[in-house]
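One structure is given here, and the rest of the page talks about it.
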Amino acid sequence: MTAQDKKTEEVIMKAARNVFLKKGYDGTTMQEIADKAGMNKSLLHYYFRSKDKLFQGIFLDVFRMFIPRFSEIFMSDKSIFEKIEEFSDHYIEMMIQNPLMPSFVLREISTNPQSLVDAMKDMGAKPEFMIEAIKTEIEKGNIIEIDPSQLLVNLIGLCIFPFAAKPLLSRILFNNDEKLYAKFLAERKKEVPKFINQSIRKK
């Protein structure tokens, strides 16, 4: 591959990422990607023969940002409380930097959940390890009796919801003030682990 070919592929991938994240797989056409990349559709097809091939590349890139670190955090030797703090800080910041990602993930989960499952397995995500880590904390008496699946879903939901529901929450709570909403999202990095840890800590 020549340097020019590599540069062209990078331009296409950047354009495809932008369109796919905004519209999802079903809402995106190759013509839209070509337009965003500033080239004709024939050239786009020369480098990427199908929308499927382009989408898979973008899909995997998005989950590479999320899945490996998730497993790493929960498989560390830190306490459950530190893991929850680290998870919240890392993923809320990641979503602040990539605001289109949550809606993209939720959209694709509803239309093609198996692709997400396959991507998680390919990247080494091991939910059973995370569940075992929580069970161990319960057995040690560090946290209350709780279904580990409920704890994980609570944690992920509290992190993701303000991003997925931003169009609604921003209007209801912040009168569409972007600065106030950005401040609110940044504060979630502390508020989410504080809320979760207080709820599971043994008194």
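Here are the numbers:
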| quantity | calculated |
| --- | --- |
| Extension reserve of the E178-I156 stretch, reckoned as 0.36 nm per residue once the Cα distance is removed | 5.6 nm |
| Rounded to whole Å, sorted largest first: equivalent-ellipsoid semi-axes of segment 3-59, Cα gyration tensor | 17, 11, 10 |
| Per-residue [θ]222 nm for the chain (sum of -39500 (n - 2.57) over DSSP H runs n ≥ 4, rounded to 500) | -25000 deg cm²/dmol |
| Sparse-neighbour loop sites [trypsin sites (Lys or Arg not before Pro); segment 87-190; at most 11 other C-beta within 10 Å; DSSP] | K140 |
| FRET efficiency estimate (nearest 0.05) - Cβ-Cβ, K202 to V11, R0 41 angstrom | 0.15 |
| Cα-Cα pairs of the chain separated by more than 28 Å (percent) | 39 percent |
| Relative contact order [Cα under 8 Å, 6+ residues apart], the chain, whole percent | 24 percent |
| Hits among lysines - C-alpha to C-alpha of K135 under 23 Å, sequence gap 8 or more where chains match | K78, K83, K121, K126, K194, K202, K203 |
| When segment 88-203 is reduced to its Cα atoms, the Kirkwood hydrodynamic radius in Å | 16.0 Å |
| Segment 3-59, relative contact order in percent, only Cα pairs under 8 angstrom and at least six apart counted | 39 percent |
| Cross-link pairs beyond the 31 Å C-alpha cut-off, checked among K7/K190; K14/K183; K140/K189 | K7/K190 |
| The chain - charge dipole about Cα centre, Lys and Arg +1 at Cβ, Asp and Glu -1, debye rounded to 20 | 480 debye |
| Karplus 3J(HN,Hα) series, Hz, for segment 5-10 with 6.51 cos²θ - 1.76 cosθ + 1.60 (x for Gly, Pro) | 4, 5, 5, 5, 4, 5 |
| Sites matching GluC sites (Glu not before Pro) across segment 104-170 that sit in DSSP coil, with at most 11 neighbouring C-beta atoms within 10 Å | E145 |
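Taken together, the values in this text are just the output of simple stated rules run on the coordinates, not laboratory data. Fair warning: this is a prediction, and the values are worked out from it, not measured in the lab. Virtual Cβ from ideal backbone geometry, glycine too; neighbours counted across all protein chains shown.
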